[in-house]
1. Under the definition of Cα pairs under 8 Å and six or more residues apart, what whole-number percent is the relative contact order of the chain?
2. What fraction, in whole percent, of alpha-carbon pairs in the chain exceed 33 Å separation?
3. Using θ = phi - 60° and the Karplus curve 6.51 cos²θ - 1.76 cosθ + 1.60, what whole-Hz ³J(HN,Hα) does each residue of the stretch 272-279 get, with Gly and Pro shown as x?
4. Out of the trypsin sites (Lys or Arg not before Pro) in the stretch 191-245, which ones are loop residues according to DSSP with at most 13 other C-beta atoms within 10 Å?
5. Rank these for me by crowding, Thr234, Thr207, going from fewest to most other beta carbons within 10 Å.
6. Can you tell me, using C-alpha contacts under 8 Å and at least 6 residues apart, the relative contact order of the stretch 198-309 as a whole percent?
7. Would you grab the residues whose amide H sits under 5 Å from the one on Tyr90? Only those 5+ places off in sequence or on another chain, please, with H modelled 1.01 Å from N.
8. Within 10 Å of each residue's Cβ, count the other Cβ atoms and sort Leu287, Leu163, Leu256 from fewest upward.
Amino acid sequence: MEKEKITIKDLAVLWKKDKRQYVKQSTYSAYALIVENQIIPTFGNLYALTEADVQSFVIDRLNSGLSQKYVKDILIVLKMIVRFGEKHGYLQHCEWDIKYPTAPEKQGLEVLTAANHRKILDYISQNFTFRNLGIYVCLTTGLRIGEVCGLKWCDLDIERSMLTVQRTVERIYVLEDDGTKHTQIVVNTPKTANSAREIPLNKPLMTMIRPFKKVVNNEYYVISNEPQPIEPRTYRNYYMKLMKQLGIPPLKFHGLRHSFATRCIESNCDYKTVSVILGHADIATTLNLYVHPGAEQKKKCIDKMLRSL
C-alpha cells in the first residue's frame with residue numbers, strides 16, 4: 001500500500017539515513033554531496049520523477065560542463081533514492097531510458113616516456129628521501145596515491161620481497177546533518193576487494209629499504225616515517241615540484257600508475273597478471289585502458305594464426 005507522498009528532498013533524507021549504515025564513510029560522503037549539490041536543488045520539491053525530468057537534467061548538466069561520467073554518477077544516486085522510495089511505498093517508479101550525446105573519442109593516456117621513467121628511478125636511487133621513496137614505489141608497483149600514502153613499514157615484507165596493500169588515505173568532504181561542511185583525512189580499507197593485494201618488490205627497491213627496516217617503527221607510515229600519514233594533496237604537490245625540478249613535462253600523479261602499467265604491457269607481461277597487480281576488479285578494465293594493438297601487432301597475430309594451420 002502506497003504511503004502518503006513525500007518530496008524527493010524528504011525521501012533523500014530517509015534514504016541517506018538508511019544508506020549510512022551500509023557503506024564506508026567516504027562513499028556516504030560522496031553520496032551526500034551529490035544529493036546536496038545536484039539532486040535537491042533540481043528535484044527536491046517534486047513528488048515524483050518522470051523520464052522527461054531526468055533527461056532534461058542530464059542535458060542541462062552536460063551543457064554546463066559536467067563530465068558524462070559524473071552525470072552518470074548522479075543518476076546512480078538518484079535511482080537508488082527513487083527505488084528506496086518505491087520499496088517503502090512513498091512513490092511509484094518506472095525505469096528511465098536516458099540518452100547521452102555521443103561521447104568524443106577518448107584521448108590516449110598520459111604516461112611518462114620510458115626515458116623519463118628511468119630518469120626518475122635513477123634520480124631517487126641517488127637522492128633518497130622517504131617522500132622520494134613513495135614515488136619510486138608507485139613507478140615500480142603501480143600503487144594509487146592514496147595507497148602509497150597509507151603504506152606502513154609493516155606492509156613491506158623483507159623476507160618475501162612483498163608489499164601488501166591494505167589501507168588507503170583520502171581527504172573527504174563531510175556534510176553534517178545541520179548542513180555544515182568540512183573536510184577531514186580518513187584512513188580506509190582499499191578501494192575494492194581486489195585492491196587489497198600483494199605486489200612483489202624488485203631488487204633495487206629492496207636494496208633501498210632493507211637498511212631502514214632494521215631501525216624504523218613498523219607502525220609508522222612509510223613516506224612520512226611518522227605515526228601520521230601525509231595526505232594525498234600534500235604529496236601530490238611535492239611530486240609536481242620534483243617533476244619540475246627534474247625537467248619532466250607535467251603529468252598527473254595518477255600518470256605514474258599508468259606509466260607502470262604501460263611499461264608492463266610493452267614488456268609483453270601477461271594481461272591477467274598486470275590486472276591483479278593493479279588491483280582492477282576485472283581484466284576488462286586493464287584491457288580497455290592499456291591494450292591497444294597497433295597495425296604491426298595485428299599483422300603478427302594473423303601471421304601466427306595462419307602458421308598454426
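1. 18
2. Of all Cα-Cα distances in the chain, 41 percent exceed 33 Å.
3. Each residue's phi maps through the Karplus curve to give 5, 5, 4, 4, 5, 4, 6, x Hz.
4. Lys214
5. Lowest count first: Thr207, Thr234.
6. 13
7. Counting only residues 5 or more places away or on other chains, the set is Lys3.
8. Leu287, Leu163, Leu256
Rule-based calculations on the coordinates, nothing more; no lab input. Quick caveat, the model's predicted, so the values are computed rather than measured. Counting neighbours? That spans all protein chains shown, and the Cβs are built from the backbone with ideal geometry, glycine included.
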